[in-house]
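Take a look at the structure set out below.
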Amino acid sequence: MAKAQETILEIDLKALKHNFQYLKSKLQSNTKFLAVVKAFAYGNDANEIATYLQDLKVDYFAVAYATEGVALRNAGITAPILVLHTLAVNFDSIVENCLEPNLYNAKILKEFVAYAEGKKQNEYPIHLKFNTGLNRLGFWEDDVDYIIKQLQETKSIKVKSLFSHLAASEDLNERNFTMNQIHTFKSISKEFAEKIGYKPMLHMSNTSGILNYPEAHFDMVRSGIGLYGFGNSEEESKHLKPIASLKTVISQIHHIEKGESVGYNRAYKSDALFTKTATLPLGHADGIGRIYGKEKGYVTIHGKKAPIIGNVCMDMIMVNITDIDCKEGDEVIVFDGNTTSAETLAEAAGTISYELITGISQRVKRVIFK
Ligand SMILES: *Cc1c(COP(=O)(O)O)cnc(C)c1O
């Protein structure tokens, strides 16, 4: 990999393949795999990632919103795409692009049935989400009879899957709660299949569900963060490889004397006789938020940690390099798979890998390694 000369996000597709194969090794051979590629494949590059995974014969994709699915279709993705968060205003783009909507409450179900009938659809594939404890999106167990009634009155849609989402699959202290969710989902799907007379696919596991709850794999699993290299626990993360490295360069070095300050609001004040700082070309508009400032976050230069000092600016950060032998133009690692992982950096500032990686803005150039 070439040395960074500007801020880049390097994406290693071989690491993606490794993660995909590792996660698949946890499944029964007939369990399907859905790759969650919402939010630009967690900030990586949805088109590249989905194209690569489609070649590896992934069974399904999921996005959060319809526009993300449309982008995948335009990039040549032909595999089924589940839209996790369907909004009625997007029905046209969903049907025109053969996307499969999640219908999660009576209102959206009724509206979609009316829409599909208006468009003379026959058995248009849809997915039904049930709430088993996350209390975010989904029908309740009590809604089964209502749904069955709606379905029996139309031929315009057909239920391809029933699904639910685990609230705390990464937290083994919540094992009882999770087992209860699994139990509720089993009971809903049994009742549903008996009443409708066919068996939709069932799925409820995210990455941590794959790793911690084999009893929740059902017919398909849905993985996002694991594909991108994080397992939500130190033990599991060891088996996975972060696919993205955020790198940048030193634009300028300053020598600061005691009492001088660095950055907006003079948030860093030097109390040492001599401080050396480096200014880097990335800031909160690139996804390094202000929470990483004031020495919570750090970067790595020639193997040494350089804390981010003062306030993060929109387009720049300043780091303390007093003890680092480096010069303008040298490479800087923000996170990667070897020095500091996105998970470690996120935790240092009190957040999670998901937020850090999905926040790397579209301004940062993506460089793909195959
Ligand atoms: C985002 C999402 C996932 C993926 O979760 P990971 O923890 O990233 O594996 C799975 N299912 C649903 C419903 C989601 O919203």
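Values computed for the structure shown
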item	result
Given (1) within 14 Å of the ligand (Cβ to nearest atom); (2) in contact with a strand residue (DSSP E or B) (Cβ under 8 Å, 6 or more places away or on another chain); (3) touching a residue at least 60 places away in the same chain (Cβ under 8 Å), index of the condition Thr31 fails	(1)
Test: residue in region 209-223 that is surrounded by fewer than 22 Cβ atoms within 10 Å (Cβ to Cβ) and of a type in the set (D, E, K, R)	yes
Single unsatisfied condition, Lys370 versus (1) of a type in the set (D, E, K, R); (2) within 16 Å of the ligand (Cβ to nearest atom); (3) modelled with pLDDT under 95	(2)
Any hit, region 243-255, residues being within 16 Å of the ligand (Cβ to nearest atom) and under 28 Å from Ala64 (Cβ atoms)	yes
Segments classed as strands (runs of 3 or more DSSP E), wholly inside region 232-339, with at least 1 members that are more than 30 Å from Ile49 (Cβ to Cβ) and within 33 Å of the chain's Cα centre (by Cα)	274-280, 304-309, 317-320
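The values are calculated or read from the model by the stated rules, or taken from the named source; none is laboratory data. Quick caveat: nothing in here was measured; it's all calculated off a predicted structure. Here Cβ is always computed from backbone atoms with ideal geometry, including for glycine, and neighbour counts include all displayed protein chains.
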